[in-house]
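As structure tokens, the structure follows; a few thoughts come after it.
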Amino acid sequence: MSIAWALLHCTLGDVVIALALFALAGVLLRCADWPVLRPWTGGAIVMIGAITYTVWSEWFNVYRAGSCGYTASMPMIFGIGLAPLLQWLILPPVMVGAYRRLRSALFSAKAESTHD
């Protein structure tokens, strides 16, 4: 049960981090539709913010609070697990791509339905 709770807690935390950073990118770029209009700049803001937060969070939770740890098989970069860092190099571009496709599909379907 504790493993299930940890998975749920960490997954929900990652969703909150992603949503907060997507919103921050929108505020900094003054554009809510930045994944379409400025995907590289917004994506860089999200990735840099997420990696920065992850480095701090991993350091704090592993070395300061001791609330979690790494297995011996976890590759590390400067004492931080590689998997949490790679997540934030992979997920933001995937999320921007998904947003762009979903937005395009939704608006083209909406435009077609208003012309009928």
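Things to note:
- Residue in the stretch 18-38 that is out of contact with any strand residue (DSSP E or B) (no Cβ under 7 Å at 6 or more places or on another chain), under 24 Å from Ala105 (Cα atoms) and among the β-branched types (Val, Ile, Thr) present: yes
- Residues (surrounded by 11 or more Cβ atoms within 10 Å (Cβ to Cβ) and not β-branched (Val, Ile, Thr)) located in the stretch 26-39: Gly26, Leu28, Leu29, Cys31, Ala32, Asp33, Trp34, Pro35, Leu37, Arg38, Pro39
- Of all residues making up the stretch 87-109, the number that are of a type in the set (D, E, K, R) and in contact (Cβ under 8 Å) with a residue 40 or more places away in the chain: 2
- For the stretch 56-85, taking the residues that are of a type in the set (Phe, Trp, Tyr) and in contact with a strand residue (DSSP E or B) (Cβ under 9 Å, 6 or more places away or on another chain), the one that is surrounded by the most Cβ atoms within 10 Å (Cβ to Cβ) is identified as Tyr70.
- All helices (runs of 4 or more DSSP H) inside the stretch 16-116 with 3 or more residues being under 26 Å from Ser2 (Cβ atoms): 39-59, 82-114
- The conditions of being at pLDDT 95 or above, buried (at least 17 other Cβ atoms within 10 Å of the Cβ), small (Gly, Ala, Ser) and under 17 Å from Asp14 (Cα atoms) are not met by Gly42.
- Filtered by the rule that a residue be more than 23 Å from Thr11 (Cβ to Cβ) and either modelled with pLDDT under 85 or polar (S, T, N, Q) (or both), the stretch 78-105 gives a lone residue, Ser104.
- Taking every residue in the stretch 30-46 that is in contact (Cβ under 8 Å) with a residue 12 or more places away in the chain and pairing it with any residue that is of a type in the set (Lys, Arg), at least 6 positions away or on another chain, the pairs with Cβ-Cβ distances below 6 Å are Pro35/Arg100; Val36/Arg100.
- Scanning the stretch 25-50 for residues that are farther than 20 Å from Leu86 by Cα and β-branched (Val, Ile, Thr) returns Val27, Val36.
- Set Ala6, Ala23: member being exposed (fewer than 14 other Cβ atoms within 10 Å of the Cβ) and either modelled with pLDDT under 95 or in contact with a Ser or Thr (Cβ under 7 Å, 6 or more places away or on another chain) (or both): Ala6
The values are calculated or read from the model by the stated rules, or taken from the named source; none is laboratory data. All values reported here derive from a predicted model rather than from experimental measurement. Glycine also receives a Cβ, built like all others from the backbone with ideal geometry; neighbour counts cover every protein chain displayed.
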